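This report refers to the structure that appears directly beneath it.
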Amino acid sequence: MINLENINLLDLQSSQMKKDPTTIALCAALAPHFRQLAKEVRLCLIYSRIYELDETTLDELAWQMHIDWYDANATLQQKRELVKTAILIHRTRGTPYAVEELIKTYFGDGYIQEWPLYGGEPYMFKVVTSNPSVTDYQAAQFRKVLGYAKNIRSHLEEIIIVLTGEMELYFGSAVHTGDYIQIRQVM
C-alpha cells in the first residue's frame, strides 16, 4: 500500500520519464507540496475523526448541517453523537427510529412505547430507559429537542426510568405432617 506522505513522485513515472531532466526537476519541486497536501487531506475526513474533534468544530458542523435539535450546552460526548447521527435523523425524521436515535444520544439506552402497547390515548407515546444516571436536566433537554425528530401528531406522555436491583434472597420452609391426639383421663 502506498503511503501518500512518503511517496516519491519520480517513482510514479515511466522509465523514459525518469530520465527526463524536466520531469526530475518538476518532481523534486512538487514533492514538498504534495507531502503537505497529503497531511492536510486527513483534516477533510470528518466522520472518521468525529471523536477527535473539539467543541468549537462540532458547533460549526452542527450549524453547517442544520441540526435543529443540537444543544450547545450538551456534553462533548453528546455533541459528537448528535453530529454523528445528524444525517440519519434528517433522513428518518418523523419516525420512531429518529426518536430512538435521540434517546440513545441523551439517555444512552431506551426505547419508545407507543400508545397501542400500553392502552393509552391515540398518538401518545412513552420513552422508557433503564439508565439510572438520567437527570431531570437531561430529560428536560430531551423534551426540548424531541419535536425535531418525532412526527407532528404524536405527543410524549412521560419518560419512564426503569430501575432494577439485584439482591440475594434466601427463604426456607418446612412441612410437618402428623395427627393431633388428645388423651383424657377417664375416672
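Identify the single condition in (1) farther than 14 Å from Glu158 by Cα; (2) exposed (fewer than 12 other Cβ atoms within 10 Å of the Cβ) that Ala140 does not satisfy, given that it satisfies every other one.
Among (1) farther than 14 Å from Glu158 by Cα; (2) exposed (fewer than 12 other Cβ atoms within 10 Å of the Cβ), the lone unmet condition for Ala140 is (1).
From the list Ile112, Ile152, pick out the single residue that is out of contact with any strand residue (DSSP E or B) (no Cβ under 8 Å at 6 or more places or on another chain), of a type in the set (Val, Ile, Thr) and assigned by the TED database to the domain that holds Lys79.
Within the list Ile112, Ile152, the selection yields Ile152.
Take Ile112 and decide whether it is buried (at least 17 other Cβ atoms within 10 Å of the Cβ), closer than 18 Å to Thr135 by Cα and of a type outside the set (Gly, Ala, Ser).
no
In the stretch 45-104, what residues are surrounded by fewer than 17 Cβ atoms within 10 Å (Cβ to Cβ), among the β-branched types (Val, Ile, Thr), within 14 Å of the chain's Cα centre (by Cα) and outside any helix (DSSP H, G or I)?
Ile50, Thr75
Can you list residue pairs whose Cβ atoms sit under 7 Å apart, with the first residue in the stretch 69-95 being of a type outside the set (Ser, Thr, Tyr) and the second being loosely packed, with under 12 Cβ neighbours inside 10 Å and assigned to a loop (DSSP other than H, G, I, E, B)? Count only pairs 6 or more apart in sequence or on different chains.
The qualifying pairs are Arg80/Tyr51.
If you take the residues in the stretch 11-44 that are exposed (fewer than 12 other Cβ atoms within 10 Å of the Cβ) and aliphatic (A, V, I, L, M), which one is modelled with the lowest pLDDT?
Restricting to residues being exposed (fewer than 12 other Cβ atoms within 10 Å of the Cβ) and aliphatic (A, V, I, L, M), the top hit is Leu43.
Can you work out which of the residues in the stretch 115-137 that are over 15 Å from Leu156 (Cβ atoms) and surrounded by 15 or more Cβ atoms within 10 Å (Cβ to Cβ) is farthest from the chain's Cα centre (by Cα)?
So, considering only residues that are over 15 Å from Leu156 (Cβ atoms) and surrounded by 15 or more Cβ atoms within 10 Å (Cβ to Cβ), the one farthest from the chain's Cα centre (by Cα) is Ser130.
The values are calculated or read from the model by the stated rules, or taken from the named source; none is laboratory data. These numbers were taken from a predicted model, which means no experiment stands behind them. In this analysis, Cβ positions are derived from the backbone assuming ideal geometry, glycine residues included, and neighbour counts consider all displayed protein chains.
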